[in-house]
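The values are calculated or read from the model by the stated rules, or taken from the named source; none is laboratory data. Just so we're clear, the structure is a prediction, and the values are computed from it rather than from any experiment. All Cβ positions, glycine included, derive from the backbone under ideal geometry; neighbour counts span all protein chains shown.
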Amino acid sequence: MEQQQQQPEENMRDKAVEALKTIYDPEIPVDVWELGLIYELTVYPVNNLFVRMTLTSPSCPSAEEIPVEVERKLREVENVNDVTVELTFDPPYTMEMMSEVAKLELGFM
């Protein structure tokens, strides 16, 4: 049985998600992807990435660092051409946005 080959956009998205899973909120031992801080991850032609994300709160002490780290880590992904990170607080972050992995890690399940 032949393995179906992924589309380039899907492969780039997978690599971007892997990179996002290496970024942690310094106060929470769970990565930004599993925390649900990434609202949107879009791969546009010629490997341009767009990320719409939030923080756990507008007064998050890491508000300056996390979006910058997201952009830096995504730019390090092989073949990425450009990265745009947009920070939003609409909708406001809630714990329901966490994945089951994050909830288990933090003892909420």
Checklist outcome for this item: Of the residues in region 1-35, those that are surrounded by 17 or more Cβ atoms within 10 Å (Cβ to Cβ), of a type in the set (D, E) and modelled with pLDDT under 95 come to D25
Checklist entry - Do you know which residues across region 51-71 are hydroxyl-bearing (S, T, Y) and surrounded by 13 or more Cβ atoms within 10 Å (Cβ to Cβ)? => result T54, T56, S62
Checklist outcome for this item: Taking region 45-80 and keeping residues assigned to a strand (DSSP E or B) and within 10 Å of the chain's Cα centre (by Cα) leaves V51, R52, M53
Item to check | Cβ-Cβ under 6 Å pairs, at least 6 apart or on other chains, region 98-109 side free of Cβ contacts under 8 Å to residues at least 60 places away in the same chain, far side among the hydrophobic types (A, V, I, L, M, F, W, C) and in a loop (DSSP other than H, G, I, E, B) | outcome: K103/M109
Checklist entry - Among the residues of region 92-107, is any among the polar types (S, T, N, Q), surrounded by 12 or more Cβ atoms within 10 Å (Cβ to Cβ), out of contact with any Gly (no Cβ under 9 Å at 6 or more places or on another chain) and within 26 Å of E10 (Cβ to Cβ)? => result no
Checklist entry - Does V77 count as touching a helix residue (DSSP H, G or I) at 6+ places or on another chain (Cβ under 8 Å) and farther than 18 Å from N11 by Cα? => result no
Checklist outcome for this item: Taking region 27-62 and keeping residues acidic (D, E) and either closer than 19 Å to M12 by Cβ or touching a Lys or Arg at 6+ places or on another chain (Cβ under 9 Å) (or both) leaves D31, E34, E40
